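Student: A single structure is presented below for examination.
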Amino acid sequence: MKARGLFVTGTDTGVGKTRVAVALIHALRAQGLRVAPMKPVSAGQEAGELNEDVIALMQAANVAVDVRDVNPYAFAEPVAPHIAAQRAGIRIELPVIAAAYSRLAAAADVVVVEGAGGWRVPLNEGEDMADLAQRLALPIVLVVGMRLGCLNHALLTAESVASRRLPWAGWVGNFIDPAMAQQTANLEALRARLPGPCLGVQRFVSDPVLSADWPQWLTLPEE
């Protein structure tokens, strides 16, 4: 797929992918681009309501698109996607997601796609989020949840991205543990070892911050 876009993934669940995706959408909008959001799989919302991540992404975007394309698979239970799908009697199909992505790409200059969970979270019995990223062939933005263990998680994820020969847009460090020891040293280790560039570093904030004011700490990946 040739359309411009970004695929936002993370070292784990709960590391700030939505916050970064929203920031990217606003940064791209500030360049005068029409930006569509996508959350291919969501899990965790009340019956009849949209997932809060999907709402945040759609509120940030400036292209009117069908929510069924933005979020083709939505599950109520906040569990791993393949488990939620199994319990709902549904199989997550990559071609369905790819078709929805194509419709979004046709309506926008850029599509910001936010994955679910971490890089290798399963989607069905044989495919995972990395397979979806490979199918879409978009540059990868890795959100590193800055806490103890993040170096191992980030480097393993980057290694897996490289093994699939996917383009690399950069990484964002998001401090999710205010008590993390040696914060500067950990950042320096990531800067030295990840492919780069570092698109931004966000110090700990108690609020997830999904407002329309995109953070000035985030920079756009280079073309």
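The values are calculated or read from the model by the stated rules, or taken from the named source; none is laboratory data. Computed from a predicted model, the values in this text were never measured in an experiment. Neighbour counts run over all protein chains shown; Cβ positions are idealised from the backbone, glycine included. Ligands, DNA and RNA are excluded from the accessible area calculation, which covers all protein heavy atoms including side chains. Shrake-Rupley method; radii C 1.70, N 1.55, O 1.52, S 1.80 Å.
Student: For a test of the definition: using alpha carbon positions, the gyration tensor, and the 1.5 limit on a/c, classify region 99-146 as rounded, prolate or oblate.
Tutor: Because a/c hits 1.5 or more and a/b fails to exceed b/c, region 99-146 counts as oblate.
Student: Also: Can you give the angle from 0 to 90° between the axis of helix 94-107 and the longest principal axis of the chain, with both taken from C-alpha atoms, to the nearest 10?
Tutor: 80
Student: Could you please put Arg120, Arg87, Arg135, Arg29 in sequence from largest to smallest accessible area, using a 1.4 Å probe?
Tutor: Arg87, Arg120, Arg135, Arg29
Student: Taking 7 Å along the Cα-to-C-beta vector as the label spot, tell me the Ala189-Ile90 distance in nanometres, rounded to one decimal.
Tutor: Reported label-point gap for Ala189 and Ile90 is 3.9 nm.
Student: So, counting K/R as plus one and D/E as minus one, what does the shell of residues with Cβ under 15 Å around Val67 add up to? Present the calculation step by step, with values, prior to reporting the outcome.
Tutor: Working: positive: Lys39, Arg68, Arg103; negative: Glu49, Glu52, Asp53, Asp66, Asp69, Glu114.
Value of the local net charge: -3.
Student: Can you give the calculated 222 nm mean residue ellipticity of the chain, where each DSSP H run of n ≥ 4 adds -39,500 (n - 2.57) and the sum is split over every residue, rounded to the nearest 500 deg cm²/dmol? Could you put the intermediate results ahead of the total?
Tutor: Details: 8 runs with 81 residues, N = 223.
Mean residue ellipticity at 222 nm (helix-derived): -10500 deg cm²/dmol.
Student: Would you rank Trp168, Trp119 by solvent-accessible area, highest first, keeping every protein chain in place and using a 1.4 Å probe?
Tutor: If we order Trp168, Trp119 from most to least accessible, we get Trp168, Trp119.
Student: Quick one: Debye curve from the alpha-carbon atoms of the chain only, equal weights, vacuum; give me log10 I(q)/I(0) at q = 0.12 Å⁻¹ to two decimals.
Tutor: For the chain at q = 0.12 Å⁻¹, log10 I(q)/I(0) is -0.59.
Student: Further, regarding this structure: How are the Cα pair distances of region 1-128 distributed, in percent, across 10 Å bins from 0?
Tutor: Using 10 Å bins, I get a P(r) of 14, 47, 33, 6, 0 for region 1-128.
Student: Once you order the gyration tensor axes a ≥ b ≥ c over the Cα atoms, which shape class does region 69-171 get: rounded for a/c under 1.5, otherwise prolate or oblate by comparing a/b with b/c?
Tutor: The shape class here is oblate.
Student: Between the helical axis of 183-193 and the dominant principal axis of the chain, each derived from Cα atoms, what acute angle in degrees is found, rounded to the nearest 10?
Tutor: Roughly 70 degrees between the two axes.
Student: Could I ask something else about it? On each of the three principal axes of the Cα atoms of region 75-120, give max minus min coordinate, whole Å, ordered largest first.
Tutor: Projected onto the principal axes, the Cα atoms of region 75-120 cover 35, 20, 19 Å.
Student: Given a Förster radius of 25 Å and the C-beta distance between Arg164 and Ser102 as r, what FRET efficiency does 1/(1 + (r/R0)^6) yield to the nearest 0.05?
Tutor: Approximately 0.75, to the nearest 0.05.
Student: OK, next. Antiparallel versus total DSSP beta bridges in the chain: what percent is that, nearest 5? Could you put the intermediate results ahead of the total?
Tutor: Working: 1 of 27 bridges.
Antiparallel: roughly 5 percent of the beta bridges in the chain.
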